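Colleague: I am attaching a structure below and will ask some questions about it afterwards.
The values are calculated or read from the model by the stated rules, or taken from the named source; none is laboratory data. These numbers were taken from a predicted model, which means no experiment stands behind them. Here the Cβ positions follow ideal geometry from the backbone for every residue, glycine too, while neighbour counts run over all protein chains shown. Just the protein is used for accessible areas: all its heavy atoms, side chains included, with ligands, DNA and RNA removed. Shrake-Rupley method; radii C 1.70, N 1.55, O 1.52, S 1.80 Å.
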Amino acid sequence: MSKIYVTGLGPGAAEQMTVQAKKVLEQCSVIIGYTVYIDLIRKEYPDKIFLSTPMRKEADRCRMAFEEAKKGRDVAMVCSGDAGVYGMAGLICEIGRDEPDVEIEIVPGITAATGGAAVLGAPLMHDFAVISLSDLLTPWEKIEKRLIAAAKADFVICLYNPSSKKRADYLARACDIIMEYRKRETVCGTVRNIGRDGETCEILSLESLHDKQVDMFTTVFIGNSNTMELNGRMVTPRGYKDV
């Protein structure tokens, strides 16, 4: 039976792809994904059949994967980061309800939250929430409620998709909400191009974060009430008493 492997590529660097993900890409004859992600791996697998669709054609991409699998080919449906974190795993499973003869396997990867956290230091050592600021699939009113809940509960907050040309003020709006419940000097961090050429990071206050220009390639970390900067690293203590 043919199989679709929904595969997380990690943040971008080849060495941050899991061994399992590499084996899947070597095994599958067809690799399908968003154009940007396909371009990251195309040179490494020149003998593969590559199929891609642009942004906002995710359902078409999934149906394409099932069509290829029904031809008897093993298919790798690739995503950046982890396929189950804002990736394609859920949509593949939904569409797969009508494709019982095609087996599905989810292959995990390193998501931006953990990849970016490693660059900054150790900001996610305690409870945290991951929230996307993209309102393409989630209305802003619901995003706002989630920001308020996470801020009230003193979670470390990791923000995906913090800004775009159409959403240039969304990070500032999120910071305004969070500053209702957090001090302006709360330690925050940003990482851009995690694991890729041009990777940059910065540790700054919540007040400074409010005015920072970021883009879709940036992941934002907002500390909790105990998060601190230690020797140039963003650290959220776990609370060990004997340290």
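Colleague: Once you charge only the Cβ atoms, +1 for Lys and Arg and -1 for Asp and Glu, what is the size of the charge dipole of the chain about its Cα centre, to the nearest 20 debye? Before the final figure, lay out the partial values.
Modeller: Details: 31 positive and 34 negative charges, 34 e Å.
Computed charge dipole of the chain: roughly 160 debye.
Colleague: I've got another one for you. Using the structure shown, list the pairs from LYS57/LYS142; LYS23/LYS70; LYS145/LYS241; LYS22/LYS165 with a Cα-Cα distance above 30 Å, or answer none.
Modeller: On the way: LYS57/LYS142 23 Å; LYS23/LYS70 21 Å; LYS145/LYS241 34 Å; LYS22/LYS165 34 Å.
Over 30 Å Cα-Cα: LYS145/LYS241; LYS22/LYS165.
Colleague: What area, in nm² and to one decimal, does the C-alpha convex hull of region 194-243 cast on average over all directions?
Modeller: Values: hull surface 19.4 nm².
Hull-based average projected area comes out at 4.8 nm².
Colleague: Could I ask something else about it? Between SER29 and ARG73, what length comes free when the chain is fully extended (0.36 nm per residue of separation minus the Cα-Cα distance, one decimal in nm)? List each step's numbers first, then the result.
Modeller: Numbers: separation 44, 0.36 × 44 = 15.84 nm, distance 0.65 nm.
Contour length minus the Cα-Cα distance gives 15.2 nm.
Colleague: Over the chain, what percent of the accessible surface lies on carbon and sulfur atoms, probe 1.4 Å?
Modeller: Values: 6300 of 12840 Å².
Within the chain, the accessible surface is 49 percent carbon and sulfur.
Colleague: Under 5 Å between amide H atoms, partner at least 5 residues away or on a different chain: which partners does MET234 have, H built in plane at 1.01 Å?
Modeller: GLY121, ALA122
Colleague: Any chance you could run the full-extension gain for SER208 through GLU94? It's 0.36 nm times the residue separation minus the Cα-Cα distance, nm to one decimal. Walk me through the intermediate numbers first.
Modeller: Working: separation 114, 0.36 × 114 = 41.04 nm, distance 4.11 nm.
Here the answer is 36.9 nm.
Colleague: Also: Dividing the alpha-carbon Rg of region 1-122 by 2.2 N^0.38 Å yields what?
Modeller: Rg over 2.2 N^0.38 Å, computed on Cα atoms: 1.00.
Colleague: Name the residue farthest towards the positive end of the dipole of the chain from the options ALA149, ALA168, ILE4, assuming +1 on Cβ of Lys and Arg, -1 on Cβ of Asp and Glu, about the Cα centre.
Modeller: It is ALA168, whose Cα lies furthest towards the positive end.
Colleague: Viscosity 1.002 mPa s, temperature 20 °C: what is the translational diffusion coefficient of the chain from Stokes-Einstein with a Kirkwood Rh over Cα pairs, rounded to a whole number of µm²/s?
Modeller: Working: Rh = 19.0 Å.
This corresponds to a translational diffusion coefficient of 113 µm²/s.
Colleague: Kirkwood Rh, Cα Rg: Rg to Rh for region 43-87?
Modeller: That ratio equals 0.97.
Colleague: Hey, which aspartates and glutamates would be in cross-link range of LYS183, C-alpha to C-alpha under 13 Å, not counting anything within fewer than 8 residues on its own chain?
Modeller: The qualifying aspartates and glutamates are ASP154, GLU207.
Colleague: Can I ask one more? Over region 170-217, average the accessible area per residue using a 1.4 Å probe and give it in Å², no decimals. Can you show the working numbers first?
Modeller: Working: 2570 Å² over 48 residues.
I get 53 Å² per residue for this part.
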